[in-house]
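Below: one structure, written as structure tokens.
Nothing in this text is a laboratory measurement; each read-out follows from the coordinates by a stated rule. Note that this is a predicted model, so its numbers are computed, not measured. Heads up, the Cβs are rebuilt from the backbone with ideal geometry, glycines too, and the neighbour counts pull from every protein chain shown.
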Amino acid sequence: MSTLEIRDLHVSVETESGPKEILRGVDLTVNSGQTHAIMGPNGSGKSTLAYSLAGHPKYTVTSGEVLLDGEDVLAMTVDERARAGLFLAMQYPVEVPGVSVSNFLRTAKTAVDGEAPKLRTWVKDVKQAMDQLAIADDFAERDLNTGFSGGEKKRHEILQLELLNPKFAVLDETDSGLDIDALRVVSDGVNRFAANGDKGVLLITHYTRILRYIKPDFVHVFVGGRVAEEGGSELAEKLEEKGYVDYVGTPA
Amino acid sequence: MTTDTAQQAQHGLTEHSHGAGAPDHGGSAFDTVASFDVADHVVPRGREEEWRFTPMARLRGLHDDAPLDGHDYEVSVDADPKVVVETVEATDPRRGSSGYVPNDRVSARAWAEADKVLAITIPADVVTTKPTIVRLRGLSAEKAAAGHVVITAERFSQSVVVLEHEGSAAFADNVEIVTHDGARLTLVSLQDWADDAVHLSHHHVSVGRDAVIKHVVVSFGGDLVRTSVTLDYAAPGGDAELLGLYFADSGQHLEKRLFVDHNQPNCRSNVLYKGALQGAKAHTVWIGNVLIRPAAEGISTYELNRNLVLTDGARADSVPNLEIETGEIEGAGHASATGRFDDEQLFYLMARGIPADEARRLVVHGFFTELINKIGVPEIAERLIATVERELALGEGLPAAATTH
């Protein structure tokens, strides 16, 4: 069993008027086999949490710790975190022209596993994962995220999740901008990943819509850079009805 | 723009601030002196708008009055059997058929001095199966030489022509590219000169009705290489893609100038030039001028220049200019960015477990591969990638550009 522990995490960003604190003491523990939903209004710091876990240079951790099976994640470089078993499905995947999807996937898989995948099984695995996510074959020869539609980018993030097979997946608003068919396809992918057992999912979302397809074991309401309330999936139902008005004073 | 700052400019419209010092035709700021008579073009001194980036002392007098009567070069031709390649006299009517009139002294001098013309003709309706490759190999940079090439893509022909330059030379030339109705032509000019070469080249493209031209300039070698591409449309419906790739090493000056003249309705132009620089005093210049005349209704144009500064001490200048004289267009825009490789791209790759140095290598290779793929000529793609690899290997020992965040 694996554990991802976030303890009293404080994170700030550099602004023109000096550093601004976004995360104000986040405590959260995800064990493998669990799916946690983090829900919150815009600007509550949800994405900052996601990017801070992955080690984006824009965010500065001022105090607190993040441990993956007791290992200090914050001391690791971005690539070390990924190789340790953390995966961030990004809200806005970055375009990298001139690097093909197939080259990228093979390079990432080799880096994460520490050895090149066996060619025959790899080609088959990629094909199968693409088929399950309803991704066309010619996709592999396209430039990474370049000119992809919003839906294609999100499917491609989940394709990587399934192929790289990390210990913990952080999904940053993977549902945003998806139509209902794409949402179902992407949710199925996340559920397949979670069903491998021994996997943890941290699902960050603004809306409850995706929770019809991915059932969370725990729901955390995120407001003002920290967890304001925690509960089971019934908390999501309450948010569905009332929105975030109880937490922020105005409908969000 | 300097090496240690990443700068971005993105506009749909920019005010032109570059008076050309030319006679006022009551028109565009891009107006320049156009004349076949060398005497009409005064010797530039380096203060002129068109020459302000160019190190005049390294021009070997090509812009002044150095004789252009050298013949220290060899030309070899590997043509598709359906393509006609001939050496003809300067009086041949194909010379001047693009409508080009020399717009600077070097071009006018090359026009006056070139005693032969290389004429490449793709006959009407011919679809070629292999690229026609003309290789010019300079044997010495001692004596300067002048050249003239006319490429004519007749009605509905479809072909690829590659002009390669290598060896040592001091060379001034004019290249006319004429596409007739419905022709599709890819023209690649590749400058892979030796370190001492100086090459000033003027290309003029005339785009026929519904013709599709892909014009590509690739510059690797040479001490100083300055290419000027002017393009206009002979009729409506033309489509021009102008691509450029350049890689400047220590001490090299590579200058890329473009002028797209939207003088006809319902045409399209798309410019993408990408450059990389490494080493002390590597200098690249990109000037992209686009003029949309009142007649050019329904056109769309976009130009983009990206420069990747790999080490400190290099300098990339990038100046896009867009002048719009009619609002009845589909779209017009430009963008220019110069800097180190993109930190967000690095983050994305590293977030998938790829180590920093490998991620950097992927991003840099991708920067070039994107453009090489767009050229779409497999016969030269492999060689271009190999040349990029060689250039990158040269730079490996140099200190990397400072981080920007």
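List of remarks:
- Choice from A:Leu49, A:Leu159, A:Leu67 showing the highest fluctuation, given a GNM over chain A with Cα pairs closer than 10 Å: A:Leu67
- For chain B: Kirkwood Rh in Å [reciprocal of mean 1/r, alpha carbons]: 21.5 Å
- Total formal charge among the other residues, if their Cβ is under 14 angstrom from that of A:Leu119, Lys/Arg +1 and Asp/Glu -1: +3
- Within chain B, longest stretch clear of exposed trypsin sites (Lys or Arg not before Pro) (DSSP loop, no more than 11 other Cβ within 10 Å): B:48-405
- The order of A:Glu21, B:Glu89, going from fewest to most other C-beta atoms within 10 Å of their C-beta, is B:Glu89, A:Glu21.
- Inter-part distance where region A:34-95 and region A:191-223 are each reduced to a Cα centre, Å: 16 Å
- Note on B:Asp195, B:Asp343: ascending count of other Cβ atoms within 10 Å places them as B:Asp195, B:Asp343, the fewest first.
- Estimated from helices alone, the mean residue ellipticity of the protein assembly as shown at 222 nm is -6500 deg cm²/dmol (sum of -39500 (n - 2.57) over DSSP H runs with n ≥ 4, per residue).
- Counted over the protein assembly as shown, the DSSP beta bridges are approximately 25% antiparallel.
- Temperature 20 °C, viscosity 1.002 mPa s: under these conditions the Stokes-Einstein estimate for region A:149-213, based on its Kirkwood radius over C-alpha pairs, is 182 µm² per second.
- Chain B: antiparallel DSSP beta bridges as a percent of all, rounded to 5: 15 percent
- Going from the residue with the fewest nearby Cβ atoms within 10 Å to the one with the most, A:Glu80, A:Glu173 rank A:Glu80, A:Glu173.
- Degrees separating the helix A:180-195 axis from the principal Cα axis of chain A, which is the longest one: 90 degrees
- Lysines with Cα under 29 Å of A:Lys199, excluding same-chain neighbours fewer than 8 positions away: A:Lys46, A:Lys58, A:Lys109, A:Lys118, A:Lys124, A:Lys127, A:Lys153, A:Lys154, A:Lys167, A:Lys215, A:Lys238
- Sequence-distant aspartates and glutamates (8 or more away, or on other chains) whose Cα lies within less than 17 Å of B:Lys281: B:Asp4, B:Asp195, B:Asp196, B:Asp223, B:Asp249, B:Glu255, B:Asp312, B:Asp317, B:Glu391, B:Glu396
- Top of A:Thr107, A:Thr205, A:Thr121 by mean-square fluctuation, Gaussian network on chain A, Cα under 10 Å: A:Thr121
- The alpha-carbon atoms of chain A define a convex hull whose volume equals 132 cubic angstrom per residue.
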